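Colleague: What follows is a single structure, and I will ask about it in a moment.
Every number here is computed from the coordinates shown, using simple stated rules; none is lab data. Quantities reported herein were computed from a predicted structural model and do not represent experimental measurements. Here the Cβ positions follow ideal geometry from the backbone for every residue, glycine too, while neighbour counts run over all protein chains shown.
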Amino acid sequence: MRAPFPALLGLALLALTLARLPAAWESGNALNHVSGAWMALADDLARGTLYRPLHDPGVGFGGTRFFPLSFAAHGALLAAGVPLLLGGLVLSLAAGVLAVAGAARFLRRAGHGPLGALGLGALVLAGFAGQHALAAARGDLPAAALTLWAMGALLPPRAARPRGLAGLEWASGLGPRPAAAAVLPAALLLTLAFAAKPTALAAAAAAVMFLLLARERGRALALALAVAAGCAAVVLGTDLASGGRFLPMMRDLGPGGLAARDLVAAPARLATRLWREDPAGLALVACAGLVFVLARGHARRRPGARTLAALWLAAALGASLVVFASPGTGVNHLLDLEVPAALLLATCAVAPARRFARPAAALAAAAGLATGALLWRQDRTVSRLDAMVEALEASAEGAPAPLLSEDPLLPLLAGERPYANDPWMLRLASERDPALARPLLHGIAEGKFRAIVLLRRADAPDADEWFDEEFGPEAIAAIRSRWTLRLVAGPYHVYRYDPGVQARTILRSSPP
């Protein structure tokens, strides 16, 4: 079986990715505080609570805007006895395998051979967002994998294509296209993707538009109605199972503090994230857009795989602008753009548009190889998990008391329930109801925690900007006044209570 050169680079990317994963798992460098927030939800569910209340006096603070599918699967593994980290890494790896397999299936139906489809399908992991997601234990990659399989269901399998002269007419877009869109499987997969991450609705909108352009109005209507019904069932069922907490939480915290001015800043935020944090993803998206424009003269008369991928990328771009309008949006959301960009670039690599697409696909694969190699090197030299162990050891001294950690993963690894599942959400909720944060502020001021672990120094130059988005200015002011830095381990800063600090500060600031 022959494969084009970009597909061979994609196969090399796939091999490099598999080779570097053991080091990524051992280092835990992809497991940041956002991963901790996902795992805290899974831990709560394993203990019988779906979406902890904003404040539970016996446990601490909840609040999130994450949808349930991914952490529900993780919670089920926890309840079955699978260790916390192992369960998260297994789910991330499974989602990555499903994503590449779904992309390869899509590309097989778009006309690629087996090796070409697998190699070019690996481009969905070419960006930093994709590489990072493989060991991050979040909901982005499962949603992408489910959406890839849904999109593949909308294309007819190769065996369904007519042969001979009719096959030539079908391939050129001149002849009638078989009505082979599998609406119900696609609707189910899109609904599950929505249950993992609501931005999957962008792909559903692209799928409906694709069927309309293909003059399959009945199937377009059926898909739209089925996805709408499925999403409504997910939302209402989750709200019912959570005791009515889910819908108010999404209403109040889902926008993430979005303001009108943030919509204007969204394009710059998106571009900045790509440029600074995911240059390989930028290369992938830029190459896909450029190739699509250059290859428009080779477009078929009837919409096919390339059209579907282009519609998905356009819808994902619109959704990403809304997502990046929200303050605090991370690089993980770039995966929503990079997956359809990879499909578009790969579908353009089929004749007669391949002279534009194949060099661009090779460039994207090479950028992915460089990203994977750099991550592998980092994972072999730096270990976030080792830093967690040091921070936990330093915070274990003293009388029994809760651990307040900006990264919820630390108390989880200590066998405790996090006092704050997501400090950013706690700050957002307390802006709406200042009384909500009073137990936290009282606990900080009175030394009710055995330690406080932050991801920045409380007196760092950028501390105000960072902590205004996390615990909030009042909380960080209380930490500065009565807590002393005892240890720095990687990104973790361990503070211990020192009531004399405030007294000395007051004496220095008092008039003579």
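Colleague: Measure nothing but the geometry: give the 0 to 90° angle between the long axis through the Cα atoms of 84-110 and the longest principal axis through the Cα atoms of the chain, rounded to 10°.
Modeller: Compared with the principal axis, the helix lies near 20 degrees.
Colleague: So who's got an amide H within less than 5 Å of the one on His55, skipping anything under 5 residues away but keeping other chains? H placed 1.01 Å off N, in plane.
Modeller: Gly62
Colleague: Next question, about the same structure. Would you give the gap between the C-alpha center of the range 51-73 and the C-alpha center of the range 8-27, rounded to a whole Å?
Modeller: About 33 Å separates the Cα centre of the range 51-73 from the one of the range 8-27.
Colleague: Same structure, new question: Using the Cα gyration tensor of the range 78-121, with a ≥ b ≥ c the square roots of its eigenvalues, what is the shape: rounded (a/c below 1.5), prolate (a/b larger than b/c) or oblate (neither)? Could the numbers behind the result be given before it?
Modeller: Working: a/c = 5.85, a/b = 4.00, b/c = 1.46.
Prolate shape, in that a/c is at least 1.5 and a/b is the bigger ratio.
Colleague: I would also like to ask the following. Taking the Cβ of Leu284 as the center, what net charge do the other residues with Cβ under 13 Å away carry, scoring Lys and Arg +1 and Asp and Glu -1? Provide the component values of the computation, followed by the final result.
Modeller: Numbers: positive: none; negative: Asp278, Asp336, Glu338.
Summing Lys and Arg as +1 and Asp and Glu as -1 gives -3.
Colleague: Whole-Hz ³J(HN,Hα) for each residue in the range 463-473, computed from phi via Karplus 6.51 cos²θ - 1.76 cosθ + 1.60 with θ = phi - 60°, x for glycine and proline: what do you get?
Modeller: 5, 4, 4, 5, 6, 5, 8, 9, 5, x, x
Colleague: I'd like the distance between the alpha-carbon centres of the range 375-421 and the range 477-499, rounded to an integer number of Å.
Modeller: 14
Colleague: Let me ask you something else. Can you sort Tyr497, Tyr51 by how many other beta carbons sit within 10 Å, fewest first?
Modeller: On the way: Tyr497 20, Tyr51 26.
Ascending number of Cβ neighbours within 10 Å: Tyr497, Tyr51.
Colleague: Please order Val389, Val494 by the number of other Cβ within 10 Å, starting at the fewest. Display every interim value, and only then the final one.
Modeller: Working: Val389 14, Val494 24.
Going from least to most buried by this count: Val389, Val494.
Colleague: Given N residues in the range 384-509, what is Rg(Cα) / (2.2 N^0.38 Å)?
Modeller: Details: Rg = 13.8 Å, N = 126, 2.2 N^0.38 = 13.8 Å.
Taking N as the residue count of the range 384-509, the ratio is 1.00.
Colleague: Another question, then. Report the label-to-label distance for Leu321 and His442 in nanometres (one decimal), using points 7 Å from each Cα along the Cα→Cβ vector.
Modeller: Here the modelled spin labels are 4.7 nm apart.
Colleague: Moving on. Post the alpha-carbon centroid distance, the range 181-227 to the range 430-465, in whole angstrom.
Modeller: 44
Colleague: Could you give the size of the charge dipole of the range 384-509 about its Cα centre, using +1 on the Cβ of each K and R and -1 on the Cβ of each D and E, expressed in debye and rounded to the nearest 20? Mind showing how you got there, number by number?
Modeller: Numbers: 15 positive and 20 negative charges, 105 e Å.
Around 500 debye, computed over the range 384-509.
Colleague: Under a Cβ-only charge scheme (Lys and Arg +1, Asp and Glu -1), can you give me the dipole magnitude of the chain about the Cα centre, in debye to the nearest 20?
Modeller: Details: 48 positive and 35 negative charges, 506 e Å.
Value, rounded to 20: 2420 debye.
Colleague: Further question on the same structure: Karplus couplings for the range 113-129 from phi (6.51 cos²θ - 1.76 cosθ + 1.60, θ = phi - 60°), rounded to Hz, Gly and Pro as x?
Modeller: For the range 113-129, the Karplus-derived couplings read x, x, 5, x, 5, 5, x, 6, x, 5, 5, 5, 10, 6, x, 4, 4 Hz, x marking Gly and Pro.
Colleague: Okay, next question. Summing -39500 (n - 2.57) over the DSSP H runs of n ≥ 4 in the chain and dividing by its residue number, what mean residue ellipticity at 222 nm do you reach, to the nearest 500 deg cm²/dmol? The partial results should precede the final answer.
Modeller: Details: 24 runs with 328 residues, N = 512.
Calculated at 222 nm, the ellipticity per residue is -20500 deg cm²/dmol.
Colleague: Further, regarding this structure: Using alpha carbon coordinates only, what is the Rg to Rh ratio of the chain, with Rh defined as the Kirkwood radius? Present the calculation step by step, with values, prior to reporting the outcome.
Modeller: Numbers: Rg = 24.6 Å, Rh = 24.1 Å.
Rounded to two decimals, Rg over Rh is 1.02.
Colleague: Could you give the length gained by full extension between Leu225 and Leu290, i.e. 0.36 nm per residue of separation minus their alpha carbon distance, to one decimal place?
Modeller: Working: separation 65, 0.36 × 65 = 23.40 nm, distance 3.41 nm.
Gain on extension, Leu225 to Leu290, equals 20.0 nm.
Colleague: Each residue of the range 444-461 in turn: what ³J(HN,Hα) in whole Hz from Karplus with 6.51, -1.76, 1.60 and θ = phi - 60°, glycine and Pro shown as x?
Modeller: These are the phi-based 3J(HN,Hα) values: 5, 5, 9, x, 7, 10, 6, 6, 10, 10, 10, 9, 9, 5, 5, 10, 5, x Hz.
Colleague: Just want the answer: with Cβ charges of +1 for Lys and Arg and -1 for Asp and Glu, which residue in Pro418, Ala226, Pro6 is farthest toward the dipole's positive end in the chain?
Modeller: Pro6
Colleague: Can you list residues whose amide H is under 5 Å from Ala451's amide H, if they're 5+ apart or on another chain and H is modeled 1.01 Å from N?
Modeller: Leu404
Colleague: Further, regarding this structure: Sort Ile479, Ile452 so the one with the fewest other Cβ atoms within 10 Å of its own Cβ comes first. It would help to have the intermediate numbers written out before the result.
Modeller: Values: Ile479 23, Ile452 26.
Fewest to most other Cβ atoms nearby, the residues stand as Ile479, Ile452.
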